[in-house]
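In what follows, a structure is listed as structure tokens, so that the remarks can point back to it.
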Amino acid sequence: MKQDKKYYGDTRLNHFCAFCSCPTETEDHVPSKCFLDKPHPQDLPVIPCCCKCNNDFSLDEEYVSCMIDCMKAGTASPTLVEREKTRKSLLHNPKLQERISSQIRDFGGVLLYDIEKERFEKVFRKLAFGHLAYENDTLAWNSPYSIDIHLLSEMSDSQRNDFFRPYRGELLPEVCSHGLEHVMLCWEDGHLDSCISPWIPIQEGRYRYCVSPNGNIVKFVIAEFLAVEVNIEM
Ligand SMILES: [Zn+2]
């Protein structure tokens, strides 16, 4: 138990798993390290969680991370996948390699991805609820949510502009939260004329995210390939 650790501005939240409301037993990184390359960035966001949630996502996260890199490469052949972590996973796990290979289909030069949607959504819910907890001190265990997934390469300029535009709003994140710190830093930089939630870079080329000030929208980009928007009913 690490309930005295400063995960949040409000330490009372330390007692609960960020994903399911069970008592805290351990902690987890958001984003999970499988989405990042070594050397991992220092001071990765960490939040409290239960052992079940800590273990429950590993296989799905490996699948999603590998699938994204294979979609990017257009193949599940380990020799053609650029990213070392995924190459190793595919080589060490032939069943995973076979499974992903069967989900990338070439129709006359057009690639179709037959992704396992439930696994993507399970992992993306975890990422979104984890970012929301870490940034805004908000635990949204039972809140309904919806997930939109786009390939960055297929988004129009205006879709991209909308997606990457930082949020401006009148509501501020919780007092003492990381989200409020980020808003205040933007103010100090003198860039802004109103409350804004910036994009937070975790690792260049691998992962960045943004949480709206009132926490109802969490966006992230994985491998500069997949753009994900999670809308959460607060
Ligand atoms: Zn849990």
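The values are calculated or read from the model by the stated rules, or taken from the named source; none is laboratory data. Since we're looking at a predicted model, the values are computed, not measured. Cβ placement follows ideal geometry from the backbone for every residue including glycine, while neighbour counts extend to all protein chains displayed.
Restricting to segment 201-234, and then to whatever is assigned to a loop (DSSP other than H, G, I, E, B) and buried (at least 22 other Cβ atoms within 10 Å of the Cβ), can you tell me which residue is modelled with the highest pLDDT?
First, the residues of segment 201-234 that are assigned to a loop (DSSP other than H, G, I, E, B): 204-206, 212-216, 223-225, 233-234.
Next cut, buried (at least 22 other Cβ atoms within 10 Å of the Cβ) only: 212-213, 215.
On the way: Ser212: 88, Pro213: 83, Gly215: 84.
In this case the residue turns out to be Ser212.
I'm trying to understand the selection: among the residues of segment 110-125, which are in a helix (DSSP H, G or I) and in contact with a strand residue (DSSP E or B) (Cβ under 8 Å, 6 or more places away or on another chain)?
We begin by selecting, within segment 110-125, every residue in a helix (DSSP H, G or I); these are 117-125.
Correct list: Phe120, Glu121, Phe124, Arg125.
Collect the residues in segment 116-157 that are charged (D, E, K, R), surrounded by 17 or more Cβ atoms within 10 Å (Cβ to Cβ) and closer than 25 Å to His182 by Cβ, keeping them in residue-number order.
Answer for segment 116-157, where residues must be charged (D, E, K, R), surrounded by 17 or more Cβ atoms within 10 Å (Cβ to Cβ) and closer than 25 Å to His182 by Cβ: Arg125, Lys126, Glu135, Asp137.
Please note which helices (runs of 4 or more DSSP H) are completely contained in segment 1-105 and include at least 2 residues that are more than 15 Å from the ligand (Cβ to nearest atom).
Numbers: elements: 51-56, 58-73, 84-92, 94-103.
Per the criteria, 58-73, 84-92, 94-103.
Any chance you could count how many residues in segment 118-150 are aliphatic (A, V, I, L, M) and touching a helix residue (DSSP H, G or I) at 6+ places or on another chain (Cβ under 8 Å)? Before you say what the answer is, go through the steps one by one.
Looking only at segment 118-150, we keep the residues that are aliphatic (A, V, I, L, M), and these are 123, 127-128, 132-133, 139-140, 147, 149.
If we keep only those that are touching a helix residue (DSSP H, G or I) at 6+ places or on another chain (Cβ under 8 Å) as well, we get 123, 133, 139-140, 147, 149.
So the count comes out to 6.
Filter segment 48-93 down to the residues that are in contact (Cβ under 8 Å) with a residue 40 or more places away in the chain and touching an Asp or Glu at 6+ places or on another chain (Cβ under 6 Å), then identify the one that is surrounded by the fewest Cβ atoms within 10 Å (Cβ to Cβ).
Only one residue fits best here, namely Arg83.
So Cys17 clears everything in (1) under 21 Å from the mean Cα position of the chain (by Cα); (2) modelled with pLDDT under 95 except one condition, right? Which one?
With respect to (1) under 21 Å from the mean Cα position of the chain (by Cα); (2) modelled with pLDDT under 95, Cys17 is out only on (2).
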